[in-house]
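J.: First, the structure itself, so that you have it in front of you.
Quick note: the coordinates plus some simple rules give every number you see, no bench work behind them. From a predicted model like this one, the values you see are computed outputs, not experimental measurements. Glycine gets a Cβ as well: all are built from the backbone with ideal geometry, and neighbour counts include every protein chain shown.
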Amino acid sequence: MSAIVTIALKDLRLVLRDHAGLFWIAAFPILFALFLGAVLERWSSRDDLALTVGLADLDRSPEARNYVARLMAAGTLTVHESGLDAARASLQHGDIDAVVVLQKGFGAVPDWYAGTAEVMHVEADPSRRREAGYVKGLLLEAGLSRAIEDELMSDPRSAVKVVQAASLHATPSAAELVTPAAVLWGLIGCAAAFAISLASEKRAGTLRRLRSLPISDWQILTGKALACFSACLAIAVAILAGALLGFGVRLESALGLAMAVVALTFCFTGIMAAISTMGSSEQAVAGAGWGSLLVLGMIGGIMVPRMIMPSWLVSLGGLSPVRWGLVALEHSLWRGGSALDWLLPCVWLVMMGLCGLCGGAMVLRRSAA
Amino acid sequence: MAQGFPHETGSFLCLPGALPHNVSISFEPQRSAGARAARAFAEGRVCHGEAARKNRVISWLNNVCLTLRGLSGADVIGLVGMELAWALEARDLSKWYGERRVLRDVSIRLAAGEGMALLGPNGSGKTTLLCLLAGVLRADHGSALCGGVCTSHKRARRGVGFVPQSGAVYDDLSALENVALFGRLHGLRGPTLRTSVEASLRQTELWDQRDARANTYSGGMRRRLSLACALVHAPAVLLLDEPFEGVDEDSRAHLLEVLSDSKRRGVALLLSTHRLEEVAALCEQFTLLRDGAVVATRAVPESDADSPYP
């Protein structure tokens, strides 16, 4: 046991003295959290998040002008009025999200919103049909609003009401949304930084020296895993403490959070152990480490929002510990729910960590043969 | 109690009357290195176990000849068991890297206080042999023994000090931290650790720079630090992989002095090198390897006048 602790302390000391490595472990996740927090803050406020469209009025009738003015005044879309060719060029350059074309004869069909005739069309990138549909809804809304004002019809929007989900006690703040991702980025940075330590030892020849000592390969790897576990735990606790105390993030279950953090830390320690044996040079291990961890992060939902992923990628995300970590942290922090909601992800995370540790130990042992 | 010279029978020597009639000593006659080891042992500079510390054993020159005083048969058996095992022994070691056989049935033996050089061109298997003997690699065939115990066992590796080819020290740790780390991993604690670390660093003349990080050291100092890390637990065997590569004349002379001193204390040295001056200064034998096989094992021509040893 003392050999394991000695190796762990040595690795921690080396990491503390490596300022570049320390940046990836300690500073990067905090910077990322601030960046992601700023993005989400803007998203949740929705003030300047309107889609931008180019509008080409081919009709030029008073009704069409009136509609354009109403659309601009609504502020739900950022409208740039221009000629059709110029609008299409802007779309091609990616400056706008869609082109709205008011066709000739628009003014001749005042009740177009009732579906009496096709008076306009939306041109959009086929890959952005979701946004095009959103624009279509806002265009209809602008048309309806005039009919409602003129009391030609009642407001059909009142038929659907958006309310706070009963399972959520309050809308999650940007800090609450960001905190689990920040913790996971911290763990990813930490695991990647520690993964190369074994390759560094190989390069420097110290691994040979360690193996000539009266200690086993298992003790060497466990010592490194203990160092990684301690650093990961410290990072996770620091980020969570900052989030809870500094940003007022809610805490639904302290026990759940503790278990989630320990399980996540153990899981990433196992992943570190597996990655550390993936190559013989630091470059190979660093590449393999960041590559595989970023893929896990991507499919796990901390880089790309799950809502824009195809269904098969969402299913694949179930294999990522990042996904399970997010679930466990969100439930214990602000989603709430039953103990099973965070307990099952924790079990899954521990199992993945065990697989990583055993795999790493087997590869290291085989390398001696 | 028996006294006198044994009768040589083949390569075995028996001590008539010293041991129960069913016990014989089974080691081969040694050259003068054996005599030096025996003298070092007799003078108490090499101690293996309590029996050796309590009793005085005087041994001979050239051929094995023990004069045993005040020892019971059991003591002798214990003592013989400890002392007569080869300090280091490779028995038919073979190693494959994939399809390539890098060592072919290599056998060498080294007694306490003896030095052996591994010579051969690059790729002849010197480093692999040292790694197998240090327990870093596992042999595909044969066995590597230290003090009669297979080096895959931790107990055997306690007696081995290994100096790999590269510096093999932690650049971001100080000399003191490096040596203390390896001392701790050898199981040293408390005052013993402190004393051993200081002794190693003083022996390699790094005590004054003990707080400087290894990455600020010159190549020669790093070699000395690497040696200090290997010496901290007072090993019985030192395995050195090209210890004189890339060191200046001063550091070389100092390394030679440290290694010579270790030999005088009874440490067995096995070093791979391309430099014949060091072979002549430190070794009684050399083994020539080519394509992983032993081509020859010969005695280094001795020049007593030049020899720095008694």
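J.: Which residue, A:Asp59, A:Asp85, A:Asp18, has the most motion in a Gaussian network model of chain A that connects Cα atoms within less than 10 Å?
T.: Maximum fluctuation in the GNM of chain A, among the listed residues, is at A:Asp85.
J.: Here's something else I'd like to know. Mean-square fluctuation check for chain A, GNM, Cα pairs under 10 Å: which of A:Met153, A:Met278, A:Met352 is largest?
T.: Of the options given, A:Met153 has the highest mean-square fluctuation.
J.: Here's a follow-up. Find out how many positive minus negative residues lie around A:Asp125, taking Lys and Arg as positive, Asp and Glu as negative, among other residues whose Cβ is under 15 Å from that of A:Asp125.
T.: Local net charge: +1.
J.: Cα convex hull of the range B:248-302: mean projected area in nm², to one decimal?
T.: Mean orientational projected area (the range B:248-302, Cα hull): 4.4 nm².
J.: Using DSSP, restrict attention to beta bridges with both residues in chain A and report what percent are antiparallel, rounded to the nearest 5.
T.: Once the DSSP bridges in chain A are tallied, antiparallel ones form about 35 percent.
J.: Continuing with the same structure: For the range A:8-14, take each phi angle, set θ = phi - 60°, evaluate the Karplus expression 6.51 cos²θ - 1.76 cosθ + 1.60, and give the result in whole Hz per residue in order, putting x for glycine and proline.
T.: Each residue's phi maps through the Karplus curve to give 4, 5, 4, 5, 5, 5, 5 Hz.
J.: Need one word for the range A:290-369: rounded, prolate or oblate. Basis is the Cα gyration tensor (sqrt eigenvalues a ≥ b ≥ c); a/c below 1.5 gives rounded, then a/b vs b/c decides.
T.: Since a/c reaches 1.5 but b/c is at least a/b, the shape of the range A:290-369 is classed as oblate.
J.: List the residues whose amide H sits under 5 Å from the amide H of B:Leu119, counting only those 5 or more places along or on another chain, with H placed 1.01 Å from N in the peptide plane.
T.: Under 5 Å from the amide H of B:Leu119 lie the amide H atoms of B:Thr287, B:Leu288, B:Leu289, each far enough along the sequence or on another chain.
J.: Determine the shape class of chain A: with a ≥ b ≥ c the square roots of the Cα gyration tensor eigenvalues, call it rounded for a/c under 1.5, and otherwise prolate if a/b is greater than b/c, oblate otherwise. Mind showing how you got there, number by number?
T.: Values: a/c = 3.39, a/b = 2.43, b/c = 1.39.
Verdict is prolate for chain A.
J.: Structure shown: which of A:Lys202/A:Lys224; A:Lys10/B:Lys126; B:Lys95/B:Lys126; A:Lys10/A:Lys224; A:Lys224/B:Lys95 lie over 21 Å apart, alpha-carbon to alpha-carbon?
T.: The answer is A:Lys10/B:Lys126; A:Lys224/B:Lys95.
J.: Next question, about the same structure. Once the Cα atoms of helix A:62-74 and of chain A are each reduced to a long axis, what angle between those two axes, in degrees from 0 to 90 to the nearest 10, is obtained?
T.: 30 degrees
J.: Which residue fluctuates the most in chain A, going by a Gaussian network model with Cα springs under 10 Å, if the choices are A:Pro172, A:Pro29, A:Pro214?
T.: Comparing A:Pro172, A:Pro29, A:Pro214 in a Gaussian network model of chain A, the most mobile one is A:Pro214.
J.: For the range A:184-338, what is the relative contact order in percent, using Cα pairs closer than 8 Å and at least 6 residues apart in sequence?
T.: Computed over the range A:184-338, the figure is 34 percent.
J.: What ranking do A:Val119, A:Val178 get, fewest neighbouring Cβ atoms within 10 angstrom at the top?
T.: A:Val119, A:Val178
J.: Of the GluC sites (Glu not before Pro) in the range A:43-146, which ones lie in a loop per DSSP and count no more than 16 other C-beta atoms within 10 Å?
T.: Listed in order of number, the matching sites are A:Glu118.
J.: So, with +1 on the Cβ of K and R and -1 on the Cβ of D and E, and no other charges, what is the size of the charge dipole of the range A:220-369 about its Cα centre, to the nearest 20 debye?
T.: 200 debye
J.: Rounded, prolate or oblate: which one fits the range A:205-308, using the alpha carbon gyration tensor with axes a ≥ b ≥ c (rounded when a/c is under 1.5, else prolate when a/b beats b/c, else oblate)?
T.: Oblate shape, in that a/c is at least 1.5 and b/c is the bigger or equal ratio.
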